[in-house]
Each structure stands twice: as C-alpha cells, then as structure tokens.
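Scroll down for the structure; my scribbles are underneath it.
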Amino acid sequence: MRKFLALICVALLAACQDTDFGERLVNADSETQNWLTHGRTYDEQRFSPLNGISDANVGELKLAWFHDFDTQRGQEATPIVIDGMMYTTSAWSKVQAFDAASGELLWQHDPEVPGETAVNACCDVVNRGVAVWNDKVYVASLDGRLIALNAQTGEEVWSTLTVDPDKAYTITGAPRVIKGKVLIGNGGGEYGVRGYFGAYDAETGEEVWRFYTVPGEPGKKDGAASDEILEKLAGPTWTGEHWKHGGGGTVWDSMAYDPELDLLYVGTGNGSPWNPAVRSPEGGDNLFLSSILALRPDTGEYVWHYQQVPGDQWDYTATQQMILAELPIEGEERKVIMQAPKNGFFYILDRETGELLSAEPFAPVNWATKVDLDTGRPEINPDAFYHKTGKPWLAMPGPLGAHSWHSMSYSQQTGLVYIPAQELGFPYIADTNFEPKKVGINLGIDLDAASLPEDAEVLKAIKAGVKGHLLAWDPVQQKEAWRFQHATAGNGGVLSTAGNLVFQGDAEANFNAFNARTGEKLWSFPAQTNIIAAPISYAIDGKQYVTIVVGWGGIYPLLTGEAGLNTKMRPPKGRVLTFALDGEATLPPEQELQAMIVEPPAQFGTAAMIAQGKSIYHRSCSGCHGDSVVSGGILPDLRNSGMLASKDAWKSIVHDGALATNGMVGFGDDYSPEELDTVRAYAIDRASKR
Ligand code: CA
C-alpha cells in the first residue's frame, strides 16, 4: 500500500506542486522527514534534524532492510529520500528506486555505460547519486550523459550528451537542481581535458549555459558564459600552449547554493597535466584551477572567485564539499563557506564577497607554511616545486588528499564540522621525458620512480604512516575538538544528527555511530564490506531510519593496492543498508575471501625487459591494477593472470583490447606488442616474489 501512496505522491507532485518544488528545495531543512538534495539542503550541511535515534538509544539500532546491487565496484552514492521513496545509484551510473520503509525495489535503470569508459575514470566507475525535481530523477552517467528519468517508472524521459565523446571526460558527481535548471560538471583532470560545468533545462535537457573554468586557445571564444572573464582574468595567468594539454580545473563534485544571495558555488579541480613545466612552462597562477567560483545560477555569470593553490601542481583540488553556514568570526556574524580540501587547510570564506576569513591546517601539511590572509595566497615551501628543483618532493598530503570527496557534515547544535580526514603522503617526481599517451592518464609525474619499494621493511614503515580518522573540527576556533582514530585511511563520508550523533562507515567494514560532542563510539555494525559513501537519515510515519550505501572501491584501494593498505581484504559487495530501532533484518553470512595464488610461469624476460615493464606498468596500468602489481581486491591481480604464460593471449588483451567491453581497453595506440610484453615479464617477476 505504501508503494502506491508513494507513487501517487510523486504523481501529485507533478500535477499540483510544479511551481513549488523550488520552494521545497529552498526550505528543505524544514522537511525533517526527507533528504531532498545531495547534501540534504542547498547549504550542504548533511545534518538531519531527526532525533528519534539518539545517543541514549543508538545501541538498539538494528538492520531494517538491505538490497544487494548487481555491481560490486566502488559505491559512493548519497541516496535521496522524498515522501517515502528512496532514489540512489550504484557503480556504472545505475539508478534504483526503493520503498524507503520496506526496501522493496520499485524500479531500476541501467544507462548501459560502455565498459571502455572505465579507462577514462581515474578513480573507479563510481557515481555519487541523483537529483530530483518534480516528477523526474536525474543521473549523470560515467560516459557524460545527463539523463532524466520518470520518477514513477524509471523510464528515460530525455538524455543529453554533455561532453565531447572524443575526449576523456567522465562524470561521477551528483547533479543539483536550482530553479528548474540541472547543474552538472565532469572529471578528467588526469586525462588532459578542459574543465567546465553547465546548466540544463530540467524539462527538456537543453543546455542553458556553460562555464569553462580554464582558458582555451587565445583569441578563440567558446560562446560560453565564461568567455569574458576567462579573457580578462584567467587567460593572462597561463603561459605556453596550455590549451593543447586541456588544462584541467574540472568540476567533478562539489556545489552549493545560497538562495538569498542567489549565488551558486562550485569547486574546481587540479591542473592537467599535474606537472606545470608541461602545462604552463613559464609559470602563472593558472586561474581557475583549485578555486571556489561563485556564479549566478540563471546565467552562469561570474561573480567572484578564490584560488586556494595558485598554479597547482600537486592535484590539490578544491572540489571537496563546501558547507554554507552562519558563523561568528571575530565577534561578527558572517555568511561563510567552509571547505576542507585535499591540500590540508580548512578554509572559511565570506560567501557574499569571496573574502578569505581564515585558513588553518586541519591535518599535517608541508607544502605551505601558512595562508596569508591579506593576499589570500599560500606561502609555499620552495622544495615543493618538484619541477624546478629536479628533486623528489615528499609531500603531505599527497594527491589523495588530507580529505577528498568523502562528505563531511556540520552540526549547528555542536558547532562542529565532522571531517573524514587522513594522512597519506606521496613522492612527487617530475617526468622529464613526458610524452602524452593517447590512452589513460597523463600527469607529467614519474609514477614508476614514485611507486612503492620492494623492501619489506621500508614498505612496512610507509604503511605505518598511512592513517585515517574522524575529525571533529571547531571552525570558529579553527582547532580540533576531538578525533576518532581509524585503523587506516580511505574511510567513509559523515552524517550528523539532532540525536547528538555522528555516523560514519570505515575502511574496516564497520558502520559506526559516535557521540557528536565527545567522539565516544556508541554503536557499530559489521557491514561485511568497506565503506566510502556517506549515510543519510529520514523518517516515515514518525519513525527514523539511517541508510548507507556500502561497497569498497574508489582510487585508494585501486591505486595503492594491498601493498599500500592496512586493511583486511574482503570480497567486494555493493549494498544498501537501512537501519531502524526496531529493525529485524539480518545479512547473509559473510563470504570468506578465497586467497588465490596462481603459480606464475617461468620468467622469459631479461632484467632490462622487467625494468621496462615496471616503467610502463606504473605509467599506464597501476591506477587500476594497483601499485607494484598488487591489487586492492577490486580489479584483477595480474600476478594471478592466466594470460601470463601466453605472449599471444596477453597481446590480444593488453595490446588489441579483447576485453575492452569489460573495461580493459587495449593500449596498442601507445605501445608496441613487444613493449607491452615487458609488462608481462614484470608481472611474472612480481608474482614470483610473493
Ligand atoms: Ca585529480
């Protein structure tokens, strides 16, 4: 019955509330039972005012229902809940609709993303969720389509290709809808794309405006909302033939909206390629990389910007979540944006003007000593300019950031921001022989030289330095209130609630609840799979639920592999888990991971071939199959590949692309069969050293 009520409700929305849905989103905080948009409200605080589940009773929280996905890759979605219906996504941009009370699957939609797209996704084939507006659900697919679905049936209403399919754009972020326009950007900052984002008519899918975040070829206009400001402000901050390398600045995740000021905020990504000696050889700030931009949502008109990392060369994106709030700063109530981006500083800006109010490190930072509040610029450690020094730069944080896309949360009750923080360093080493490849990533960094050492003791020491914690941060004092230390990095997003609770999943397969004021762990559920996504909360008939999408993946396990992780390997399992105080569901028994070791064939390669294979592997393969041929358990561990014994079988896959539809494209455009066969020699070498 509830299902039909929910469907009628959706139908009525279309008929009766057509003009009111914008009002509902503006006032989303007052709909305590719902989670209407990605960050619950336009200010993206991810705080639920529900308090039925509280620090007093959370120990009684039990599983109410669960749903198994048909895809086991990384799961990063935040579900939307509206009037008893839940909409979420899974890997490969698949969309599901549930009865939010019972967990009954009402419909699902598979946009049938071509497997080959995976090679253009730096960080797994993930999706971070949908948006809803009136009677439609919007998903952006990995291959760059913005798709509107009928909220009742899941049938496609329209689909707009938002990217040039000949370039390596992907979309993993969740759309937002503002005043009848669907906002979405894209990713590809590791693949030589030029960043932009756009607004699309929610009814028709037609592009309303587009804003490029970095300049194209000088003298050529795009006919976009960004034309004037790029020419005036951004263009002069680039040098060389930057447009040939794309430039980056992709808007791959974070957006926020202030309806009162009518300002849309977006965060922009890193420079592409990372190494500025390639991208902009004579230097320059390279606007608008690593910046927060404020624009008019109706037109894309530029209002202000703040650049965090001028001339970024460390993949220090400003695409991390932005939270809007009112804070007392030096005794004065200010409308602020808060952001804890990859680079390790916690920024507070006046969101009306873009003025920097404060920036203090929330994690160990060595690339800059401070941020000058007068100029807004960081005081950068000269040793960090690896392209100038010619020396490796052992950076903290590294490109995975002190905090990445994993959602944080702000509680007005405690005044604290809860951040999934981590300590993950990285050695940046310039690739002085850099040549862009046609397939896969192009960073201008020598990833082979930066790969993990074989020496067991050194590796052990590196692993010991990899840390993660839930950080409660007081933004007014700019200091830590408490932390809960996790076993490792790569932990999940955060929800805070009026029940004095903070919920977070971790990389040890636990879904946890903490006392929001003290950090005491009050409850934990064995989720059987590691968690990276963020929880939500909602209510139906007065009963509060908490939902989390679980599933291990994303860049951390893919790239660092088992060698870089301090966590137990588990079979990947993509699921939705929903909890309530009177829950009665149980998960099936956890499957044990079958430790598989296939004896490698005899080594055929010379030491020189193995060294060449190691270099090619870390240039083009390690981002998915793991540093040093040690898989993180998501994609095949090549040390166990049945293809290692056969030169021809190896060539058919690695060179010719026999498994392209599975996501393993051929690299024949960049390497000869002989070159790629050296990777086979290297994989055999690694397999024989287990
Ligand atoms: Ca990046």
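The values are calculated or read from the model by the stated rules, or taken from the named source; none is laboratory data. For clarity, every value in this text was computed on a predicted model and none was experimentally measured. Glycine also receives a Cβ, built like all others from the backbone with ideal geometry; neighbour counts cover every protein chain displayed.
If you go through segment 488-511 and pick out every residue that is polar (S, T, N, Q), in contact (Cβ under 8 Å) with a residue 60 or more places away in the chain and in a strand (DSSP E or B), you end up with 3.
Restricting the first member to segment 180-199 and to residues that are under 10 Å from Tyr169 (Cβ atoms) and touching a residue at least 24 places away in the same chain (Cβ under 8 Å), and the second to residues that are of a type in the set (Phe, Trp, Tyr) and assigned to a strand (DSSP E or B), the beta-carbon pairs closer than 8 Å and six or more apart or on different chains are Gly185/Tyr196; Gly185/Phe197; Asn186/Tyr196; Asn186/Phe197; Arg194/Tyr212; Gly195/Tyr212; Tyr196/Phe211; Tyr196/Tyr212.
Here's the yes/no breakdown for (1) part of a strand (DSSP E or B); (2) hydroxyl-bearing (Ser, Thr, Tyr); (3) in contact with a Pro (Cβ under 8 Å, 6 or more places away or on another chain):
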{"site": "Thr37", "(1), (2), (3)": "no, yes, no"}
{"site": "Leu50", "(1), (2), (3)": "no, no, no"}
{"site": "Ala56", "(1), (2), (3)": "no, no, no"}
{"site": "Ala64", "(1), (2), (3)": "yes, no, no"}
{"site": "His67", "(1), (2), (3)": "yes, no, no"}
{"site": "Val81", "(1), (2), (3)": "yes, no, no"}
{"site": "Met86", "(1), (2), (3)": "yes, no, yes"}
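Out of curiosity, is Ile329 touching a strand residue (DSSP E or B) at 6+ places or on another chain (Cβ under 6 Å) and crowded, with 20+ Cβ neighbours inside 10 Å? Taking the combined requirement at face value, the residue does not satisfy it. Please determine whether any residue of segment 235-242 is within 16 Å of the ligand (Cβ to nearest atom) and either in contact with a strand residue (DSSP E or B) (Cβ under 9 Å, 6 or more places away or on another chain) or aromatic (Phe, Trp, Tyr) (or both). Looking for residues that are within 16 Å of the ligand (Cβ to nearest atom) and either in contact with a strand residue (DSSP E or B) (Cβ under 9 Å, 6 or more places away or on another chain) or aromatic (Phe, Trp, Tyr) (or both), one finds none in segment 235-242, hence no.
Quick one: in segment 314-326, of everything that is within 12 Å of the ligand (Cβ to nearest atom) and not aromatic (Phe, Trp, Tyr), which residue is surrounded by the fewest Cβ atoms within 10 Å (Cβ to Cβ)?
Gln320
Checking each residue in segment 168-193 for being within 16 Å of the ligand (Cβ to nearest atom), in a loop (DSSP other than H, G, I, E, B) and not acidic (Asp, Glu) picks out Ala168, Tyr169, Ile171, Thr172, Gly173, Gly185, Asn186, Gly188, Gly189, Tyr191, Gly192, Val193. So which residues in segment 673-689 are under 14 Å from Ser628 (Cβ atoms) and among the polar types (S, T, N, Q)? Result: Ser688, single match. Evaluated against (1) under 20 Å from Met338 (Cβ atoms); (2) in contact with a helix residue (DSSP H, G or I) (Cβ under 8 Å, 6 or more places away or on another chain), Ala513 falls short on exactly one condition, (1).
The set of residues from segment 577-590 being in contact (Cβ under 8 Å) with a residue 40 or more places away in the chain and not charged (D, E, K, R) comprises Leu577, Thr578, Phe579, Ala580, Leu581, Gly583, Ala585, Thr586, Leu587. I want to confirm something. Restricting to segment 577-621 and keeping residues that are modelled with pLDDT of 95 or more and among the charged types (D, E, K, R), which single residue is nearest to Ala539 (Cα to Cα)? Per the stated criteria, the residue is Asp582.
Tell me which residues, restricted to segment 427-470, are part of a strand (DSSP E or B) and not basic (Lys, Arg). Scanning segment 427-470 gives Pro427, Tyr428, Ala430, Ile445, Gly468, His469, Leu470. Under the condition of being more than 13 Å from Thr250 (Cα to Cα) and without any contact (Cβ under 8 Å) to a residue 60 or more places away in the chain, which residue from segment 275-292 is farthest from the ligand (Cβ to nearest atom)? Here the answer is Glu282. For segment 92-124, the tally of residues that are assigned to a loop (DSSP other than H, G, I, E, B), of a type in the set (A, V, I, L, M, F, W, C) and either within 16 Å of the ligand (Cβ to nearest atom) or free of Cβ contacts under 8 Å to residues at least 60 places away in the same chain (or both) stands at 4. Screening Tyr196 against (1) touching a strand residue (DSSP E or B) at 6+ places or on another chain (Cβ under 7 Å); (2) away from the ligand (no atom under 16 Å from the Cβ); (3) not small (Gly, Ala, Ser) leaves a single unmet condition, (2). Scanning segment 551-574 for residues that are touching a Leu at 6+ places or on another chain (Cβ under 7 Å) and either of a type in the set (S, T, N, Q) or farther than 26 Å from Glu190 by Cα (or both) returns Met569, Arg570, Pro571. Does Val119 qualify as being β-branched (Val, Ile, Thr) and under 22 Å from Val208 (Cβ atoms)? Criteria not met by Val119.
Do you know which residues across segment 566-579 are more than 13 Å from Ala509 (Cα to Cα) and surrounded by fewer than 23 Cβ atoms within 10 Å (Cβ to Cβ)?
In the first step, residues of segment 566-579 are kept if they are more than 13 Å from Ala509 (Cα to Cα); the result is 576, 578-579.
Once the filter is applied, which keeps residues that are more than 13 Å from Ala509 (Cα to Cα) and surrounded by fewer than 23 Cβ atoms within 10 Å (Cβ to Cβ), segment 566-579 yields nothing.
Considered as a group, the residues in segment 221-230 that are in contact with a Lys or Arg (Cβ under 8 Å, 6 or more places away or on another chain) and over 27 Å from His38 (Cβ atoms) include one that is farthest from the ligand (Cβ to nearest atom), and that residue is Asp227. Once segment 261-274 is narrowed to residues that are more than 15 Å from Pro310 (Cβ to Cβ) and surrounded by 24 or more Cβ atoms within 10 Å (Cβ to Cβ), the residue that is farthest from the ligand (Cβ to nearest atom) is Leu264. Only a single item in (1) hydroxyl-bearing (Ser, Thr, Tyr); (2) within 16 Å of the ligand (Cβ to nearest atom); (3) farther than 18 Å from Ser280 by Cβ is not met by Thr250, and it is number (3).
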